[in-house]
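Down below is the structure, laid out as structure tokens.
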Amino acid sequence: MFSWEGIVFPWVGDGFARVSDGIARVSDGFARVSDGIPRVGDGFARVSDRFSRVSDGFAQTTESLG
């Protein structure tokens, strides 16, 4: 609710409410993204673990062949 020189603009308050809703949604989105970042890091750690296991396997097979 916004009034100027006796004229009431009720939709201005609605606009502010919508903007604040939008900001809350954006901050929710940022929270979800920041939650996702450690998960991505976990995924990279798992992939690097697999690569190290594979390279260990190659090292063992080359040792047994040599």
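The values are calculated or read from the model by the stated rules, or taken from the named source; none is laboratory data. These figures come from a predicted structure and were not determined experimentally. For neighbour counting, all protein chains shown are included, and Cβ atoms are generated from backbone atoms with ideal geometry for every residue, glycine included.
A few comments on the model shown:
- Val26 vs. criteria within 15 Å of the chain's Cα centre (by Cα) and either modelled with pLDDT of 85 or more or surrounded by fewer than 10 Cβ atoms within 10 Å (Cβ to Cβ) (or both): yes
- Residue among Val12, Val19 that is touching a strand residue (DSSP E or B) at 6+ places or on another chain (Cβ under 6 Å) and either outside any strand (DSSP E or B) or surrounded by 10 or more Cβ atoms within 10 Å (Cβ to Cβ) (or both): Val12
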